[in-house]
Protein chains: 2
Amino acid sequence: MRTLRLTLAYDGTNYVGWQRQASGASIQQVVESAFRPLFAGTGSEPVLIGAGRTDAGVHAIGQVASIRVPFDLPATSVWRALNIRLPADVRVVDLTDAAPTFHAQYDARGKSYRYQIATGRVLLPFERWFVWHMPRPCDPELMRQAALHFTGTHDFTSFEGRGSLLLDRVRTLTRVDIRASPGTITVHVDGDGFLRHMVRILVGTLVDVGCGLKPPESVLDALAARVRSAAGPTAPAAGLTLVQVRY
Amino acid sequence: MRTLRLTLAYDGTNYVGWQRQASGASIQQVVESAFRPLFAGTGSEPVLIGAGRTDAGVHAIGQVASIRVPFDLPATSVWRALNIRLPADVRVVDLTDAAPTFHAQYDARGKSYRYQIATGRVLLPFERWFVWHMPRPCDPELMRQAALHFTGTHDFTSFEGRGSLLLDRVRTLTRVDIRASPGTITVHVDGDGFLRHMVRILVGTLVDVGCGLKPPESVLDALAARVRSAAGPTAPAAGLTLVQVRY
C-alpha cells in the first residue's frame, strides 16, 4: 500500500492538540477529514500518524505525519486538494511519496522545538498567540548556565507532566540554546525524544533560574530528584513550536 | 489642558480601520472607549487624534495618537488602565505627557511603513493576517530598479485611491527599500506624507514589475500620467504595517 509523508504547519491556538479528542477539533482530525473525500469508495478510512503529539495551543512549522492511502493520485494533486479543504490555520507545507513502511512516529530519530518568551512590558498584538508573556527581569546568561546541565543523556522524570505511563524516561538532548534580543528570549531544544510537557517544564525551570528564584546549579538537583515537584512550572503552551522532525 | 501622546500597536484584522465608522469597530473608537471611564464626571468626552488613518485590516506597531484629557492621573496609571480595558489586539505601547499643543496628525513630519509579501507556495498559518500571499515568481532586483524612481518628490496622483478631496498630491519619499529572503519580500517606505492607499498601490505596481508584467521604467510613465489607471493594483491591506511616525 502507498504511504505518503506530510510536513505540516499549524497555528495550534484553536485546537485541542494533535490528537483526536471528544472535546474539540484536533489537528489530526481536520487533516484526516481533508483526506476523506480522496478515500471515498475505497472502503478504507484515513488514519494519520504524527511524529509528535503536540498539546493544545502548541504550534508547528515542521510537524511530520504519515498516512497509508488506497489511491494513486499524484502527490502534487493530493497536496493541492488538502490545502483547499483545510482551514487556513493548518497547512500542508510539503507532501511526498515515502517508503511503504515509513512511520512518522516510530521512525523519528529526533525533534527540534522552539520556545518564545516576550519579556517587554507590553505584549504585542501580533505575538499574542505565539509567545509566553513574562514581563519580569530575566537574565539569559543565568538561563544559559542552567541550560548546559540539560544537554546530554539524563533521566527526565522530574520534567514530565503527570498522567504518563512511560517506562523509560531517559532522553538525550543535543542542544539547549538560549537566544536573547531586546524584549525576546528564545529557547531552542533539540533531542532524540521528549516526554509529555518536557520542553515546557524545562523552559519554566530555566525562567525560574533567569529570574533569580533558583541558582543555575539547582537544575542538577531537579534532574536527580526524579519527581515532578523538583522542577519548575510548566510554561504556557502558546510559546512552543515544533520546528523540525529528523529521520 | 493636559495633552497625552500614545504609541499604539494593533492587529488591524478585525477592525474597520483607524477611523470611527458606523459599519464596525475602529481602533480610534476602542481606544476612546477605554479612556471613557477616566473622563467620567468631567463633562468632556475623549477625542483621540491619530497620526495616520490606517485602512481596514492594516496593522500598526508605531501609530501615534494625541488626546486632551481633563484629569491628572499619572501617565503610567493611565497606560495601565487603558491596557487593562483594551482588547488584546490593541495595545498602548507607550504613553507620555506631551506639550499641550501637541497634535498627532498635524505635527507629524514623516511616517514609515512596511509591506510584507509571502512568495512561497504555501501561506504559513502564522503569517496569514500579516502578509500578501503572492505565490508567483517575483524578481526583487526588478522591484529595486523600479523603486529607485519613486524616491524623491513627485506628484503621486496616479497612486491615490479614489474618493479623496485633497488638493496637493505632491509627496516626498526618502526611502523605498526592497528586502528579499527565501519566501519573503519586504518593502520599506519612508516619506513625509502619504495619500490614501498610496503604499498599497505603490507595492502593487512594484509587484507588477517584479513579476515581469511591466518594465522598471514604466513607473516613470505611471507617475507622469497622474491618473489612477496608470498605476498597478492596490495590494491587500493585510500586508501593510505602520511602523513609525516622526515628529
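Charge tally around residue A:108: other residues with Cβ under 12 Å, Lys/Arg +1 each, Asp/Glu -1 each, net +3. Only one residue of B:19, A:229, A:240 has its Cα farthest out toward the positive end of the dipole of the protein assembly as shown, where Lys and Arg carry +1 and Asp and Glu -1 on Cβ, and that residue is B:19.
Label-point spacing at residue B:120 relative to the other copies reads 2.3 nm, in ascending order, each point sitting 7 Å out from Cα along Cα→Cβ. Within 10 Å of the Cβ of each residue in B:116-129, the mean number of Cβ atoms contributed by other protein chains is 4. Note on region A:68-183: Cα-only Rg and Dmax are 20.2, 56 Å. For region B:92-243, a simple Cβ point-charge model (Lys and Arg +1, Asp and Glu -1, everything else neutral) yields a dipole of about 400 debye relative to the Cα centre. Computed from phi, the 3J(HN,Hα) profile of region B:56-71 under the Karplus parametrisation 6.51, -1.76, 1.60 (θ = phi - 60°) reads 4, x, 7, 9, 8, 10, x, 5, 10, 9, 10, 8, 8, 10, x, 10 Hz, with x in place of Gly and Pro.
Could you give me D for region A:152-247, from Stokes-Einstein at 37 °C and 0.692 mPa s, where the hydrodynamic radius is the Kirkwood radius over C-alpha pairs? Units µm² s⁻¹, please. Diffusion coefficient, whole number: 236 µm²/s. In chain B, taking the dipole from charged Cβ atoms about the Cα centre, the farthest positive-side position among B:210, B:102, B:47 is held by B:47. Split the accessible area of region A:62-213 by element, probe 1.4 Å, and carbon with sulfur accounts for 53%.
Chain B: which residue's Cβ hugs the B-to-A rotation axis most tightly, distance rounded to whole Å? Minimum Cβ distance to the axis, with residue: B:126, 5. Taking the Cβ of residue A:93 as the centre, find all other residues whose Cβ is under 12 Å away and add up their charges (Lys, Arg: +1; Asp, Glu: -1). Once positives and negatives cancel, what remains is +2.
Normalised by the number of residues in chain B, the mean separation of alpha-carbon contacts (under 8 Å, six or more apart) gives a relative contact order of 24 percent. Computing Rg and the Kirkwood Rh from the Cα coordinates of region B:204-247 gives a ratio, Rg/Rh, of 1.07.
First check a/c for the protein assembly as shown, with a ≥ b ≥ c the square roots of the eigenvalues of its C-alpha gyration tensor; if it is under 1.5, answer rounded, and if not, answer prolate when a/b is larger than b/c or oblate otherwise.
Details: a/c = 2.19, a/b = 1.34, b/c = 1.63.
Oblate, because a/c is 1.5 or more while a/b does not exceed b/c.
Rg and Dmax, both from the Cα atoms of region A:1-155 and both in Å, are 18.6, 59.
Residues whose amide H lies under 5 Å from that of residue B:8, counting only those 5 or more places away or on a different chain, are B:63, B:64, B:65, B:93; hydrogens are built 1.01 Å from N in the peptide plane.
Leaving out ligands, DNA and RNA, calculate the buried accessible area for the pair B and A with a 1.4 Å probe, summed over both sides, in Å² to the nearest 100. What B and A bury together is about 1700 Å².
About the centre of its Cα atoms, the protein assembly as shown shows a dipole size close to 440 debye [charges on the beta carbon of Lys, Arg (+1) and Asp, Glu (-1) only; nearest 20 debye].
For the pair residue B:136 and residue B:151 in one chain, pulling the backbone fully straight at 0.36 nm per residue adds 2.8 nm over the alpha carbon distance.
Helix content alone sets the calculated 222 nm mean residue ellipticity of chain B: runs of n ≥ 4 DSSP H residues at -39500 (n - 2.57) each, divided across all residues, give -6500 deg cm²/dmol. Using a 7 Å projection from Cα along Cα-to-Cβ, the label point at residue A:172 is separated from the same position in the remaining copies by 6.3 nm, smallest value first. Taking a straight Cα-Cα cut-off under 15 Å and skipping sequence neighbours fewer than 8 places away in the same chain, the aspartates and glutamates within cross-link reach of residue B:214 are B:139, B:141.
Counting Cβ atoms of other protein chains within 10 Å of each residue's Cβ and taking the mean over peptide A:86-97 gives 2. Shown in residue order for region B:221-233 are the 3J(HN,Hα) couplings computed by the Karplus curve 6.51 cos²θ - 1.76 cosθ + 1.60 at θ = phi - 60°: 5, 4, 5, 5, 5, 6, 8, 3, 5, 7, 9, x, x Hz (x for Gly and Pro). Probing with 1.4 Å while keeping every protein chain in the model, the per residue accessible area of region B:136-179 equals 56 Å². Gain on full extension, evaluated as 0.36 nm per residue between residue B:25 and residue B:168 minus their Cα-Cα distance, stands at 48.4 nm. Compute the long axis of helix A:198-210 from its Cα atoms, compare it with the longest principal axis of the Cα atoms of chain A, and write down the angle in degrees, 0 to 90, nearest 10. Compared with the principal axis, the helix lies near 30 degrees. Couplings for region A:27-40, taken from phi via the Karplus curve 6.51 cos²θ - 1.76 cosθ + 1.60 with θ = phi - 60°, read 4, 3, 5, 5, 6, 4, 4, 5, 6, 3, x, 6, 8, 3 Hz in order; Gly and Pro are left as x.
Across the copies of the chain, residue A:152 has label points (7 Å from Cα along Cα→Cβ) spaced 6.5 nm apart, shortest distance listed first. Where does the charge balance sit around residue A:56 when Lys and Arg score +1, Asp and Glu -1, over other residues with C-beta under 13 Å from its C-beta? Residues near residue A:56 contribute +2 overall. Relative to the 2.2 N^0.38 Å rule of thumb, region A:46-122 has a C-alpha radius of gyration ratio of 1.34.
Taking Cα centre as origin and charging only the Cβ of basic (Lys, Arg, +1) and acidic (Asp, Glu, -1) residues, the dipole magnitude of region B:34-136 rounds to 440 debye.
Protection proxy ranking for A:129-135, A:173-179, B:154-160, using the average of other Cβ atoms within 10 Å per residue and placing the highest first: B:154-160, A:129-135, A:173-179. With point charges of +1 on the Cβ of Lys and Arg and -1 on the Cβ of Asp and Glu, referenced to the Cα centre of chain A, which listed residue (A:33, A:153, A:10) lies farthest in the positive direction of the dipole? So the residue furthest toward the plus end is A:33.
The values are calculated or read from the model by the stated rules, or taken from the named source; none is laboratory data. All of these numbers come straight from a predicted model, not from anything done at the bench. Here Cβ is always computed from backbone atoms with ideal geometry, including for glycine, and neighbour counts include all displayed protein chains. Protein only, heavy atoms only, side chains kept; ligands, DNA and RNA dropped before computing areas. Shrake-Rupley method; radii C 1.70, N 1.55, O 1.52, S 1.80 Å.
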